[in-house]
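The next block holds one structure in the form of structure tokens; read it before the comments.
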Amino acid sequence: MTLIETIQARRSCRTYDGRSLEGDAVAQWNRFLASNTEGPFGGGVRFRLLALDELGPEELSQVGTYGVIKDPRHFIIGAVATRPQAMEDFGYCMEKNILQATAGGLATCWLAGTFRRSGFARLMPLREGEVLPAVSPLGHAGESRSLTDRFFRFSAGSDKRKPWAELFFDGTPDTPLSPATAGPFATPLECVRLAPSASNKQPWRIVRVGEDYHFYLSRTPGYEKFGKDIQLQNMDMGIALCHFELSAKELGLNGAWRRDASRRAMGDWEYIVTWVTTP
Ligand SMILES: Cc1cc2nc3c(=O)[nH]c(=O)nc-3n(C[C@H](O)[C@H](O)[C@H](O)COP(=O)(O)O)c2cc1C
């Protein structure tokens, strides 16, 4: 599977088949997670793979998803120290885990709301200044989706994505960018469009100016449910940066992230970062 095919294939899965990872998969995952610590804005992201089979009854009682995730055997837990753009970096790194799993035939589901944050934090003790933004089950998908899974997909409209005209713009927010006019970047943009986001809100807005792509966050009003340190939609933005960068690189399109301090908000879209195309 190419990375672009992996992005196209990924879906959230809330129903697992109760089987643990086999062979040396756990060791491989531990190596991968240990190497995945840096996002476009900095480092300090860390992950732990939790194997439920290895937990005692007291530890196991801390693992809760309010019945949303059925029959998981493993979870990826993550932490990051709070700082500007920490949530984007966390989103970027966690999404690399999700894509690594998808490419290896494993299922995942981002959980930033429906999990017992304090219980998981007991299993990955936080250092000074750290938060635990999200976790994901990791494992083999169950044969059929549970009722809860189908309910979540239906209520979030998970199979739908906003059209290009609402997400991508040419020069100014009044001019939509179409796949035909996006040239070689049509695929990286489509990979952003397919990305997962909290409640499928898709808060990314991208404006092309010359060869540069400016990323803006259009916040859903009233959506910062988890306090000032855990910002769901900044995590969504990190996921978008991950999809854009990895798919561009797979296509041989070079560039780098740059935060342009002089760039201002556009209406109520908050400026986050620019992909600067390089030869
Ligand atoms: C940051 C983030 C947080 C999420 N939190 C939850 C959650 O708490 N519970 C849940 O069931 N799904 C959660 N999701 C999954 C989204 O609902 C899902 O990605 C979206 O509906 C699109 O569906 P898809 O992933 O199958 O493409 C989250 C996704 C993201 C990116």
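The values are calculated or read from the model by the stated rules, or taken from the named source; none is laboratory data. This is a predicted model, so every value here is computed, not measured. As a convention, Cβ positions derive from the backbone with ideal geometry for all residues, glycine included, and neighbour counts pool all protein chains shown.
What to note about this one:
- Filtered residue count, segment 132-159, keeping only those that are farther than 22 Å from F32 by Cβ and in contact (Cβ under 8 Å) with a residue 12 or more places away in the chain: 12
- Residue list for segment 19-43, restricted to those being surrounded by 13 or more Cβ atoms within 10 Å (Cβ to Cβ) and either modelled with pLDDT under 95 or among the β-branched types (V, I, T) (or both): V26, T37
- Of the criteria (1) surrounded by 18 or more Cβ atoms within 10 Å (Cβ to Cβ); (2) polar (S, T, N, Q); (3) under 30 Å from R116 (Cα atoms), which one S247 fails: (3)
- Check on K249, in a helix (DSSP H, G or I), under 20 Å from the mean Cα position of the chain (by Cα) and not small (G, A, S): yes
- Residues of segment 202-225 satisfying the condition of being in contact with a Pro (Cβ under 8 Å, 6 or more places away or on another chain) and assigned to a loop (DSSP other than H, G, I, E, B): R219, T220
- Filtered residues of segment 169-220 (kept if acidic (D, E) and more than 16 Å from the ligand (Cβ to nearest atom)): D170, D174, E211, D212
- Among the conditions (1) of a type outside the set (S, T, Y); (2) closer than 22 Å to S146 by Cβ; (3) within 16 Å of the ligand (Cβ to nearest atom); (4) in a helix (DSSP H, G or I), G67 misses just one, which is (4).
- Filter result for A141 (farther than 30 Å from P72 by Cα and modelled with pLDDT of 95 or more): no
- Residue in segment 85-96 that is within 14 Å of the ligand (Cβ to nearest atom) and either closer than 25 Å to S146 by Cα or assigned to a loop (DSSP other than H, G, I, E, B) (or both) present: yes
- Breaking point among (1) at pLDDT 95 or above; (2) within 16 Å of the ligand (Cβ to nearest atom); (3) among the small types (G, A, S), for G227: (1)
- Residues that are charged (D, E, K, R) and within 16 Å of the ligand (Cβ to nearest atom), drawn from segment 124-165: R145, D149, R150, R153, D159, K160, R161, K162
- The set of residues in segment 6-56 that are within 15 Å of the ligand (Cβ to nearest atom) and more than 15 Å from the chain's Cα centre (by Cα) comprises R14, T15, Y16.
- Any chance G104 is away from the ligand (no atom under 16 Å from the Cβ), within 21 Å of the chain's Cα centre (by Cα) and not aliphatic (A, V, I, L, M): yes
- Residue match in segment 202-223 (condition: under 13 Å from the mean Cα position of the chain (by Cα) and either over 13 Å from V273 (Cβ atoms) or in the same structural domain as V80 (by TED's automatic domain parsing) (or both)): yes
- Close pairs from segment 108-119: first under 15 Å from R10 (Cβ atoms) and more than 6 Å from the ligand (Cβ to nearest atom), partner in a helix (DSSP H, G or I) and not aliphatic (A, V, I, L, M), Cβ under 8 Å, at least 6 apart: T108/N97; T108/T102
- Meets criteria (assigned to a loop (DSSP other than H, G, I, E, B) and surrounded by 15 or more Cβ atoms within 10 Å (Cβ to Cβ)) for A195: yes
- All of T65, T2 fail the test of being in contact (Cβ under 8 Å) with a residue 40 or more places away in the chain and either surrounded by 14 or more Cβ atoms within 10 Å (Cβ to Cβ) or at positive phi (or both), apart from T65.
- Taken over segment 257-279, residues that are of a type outside the set (S, T, N, Q), assigned to a strand (DSSP E or B) and over 26 Å from W110 (Cβ atoms) amount to 3.
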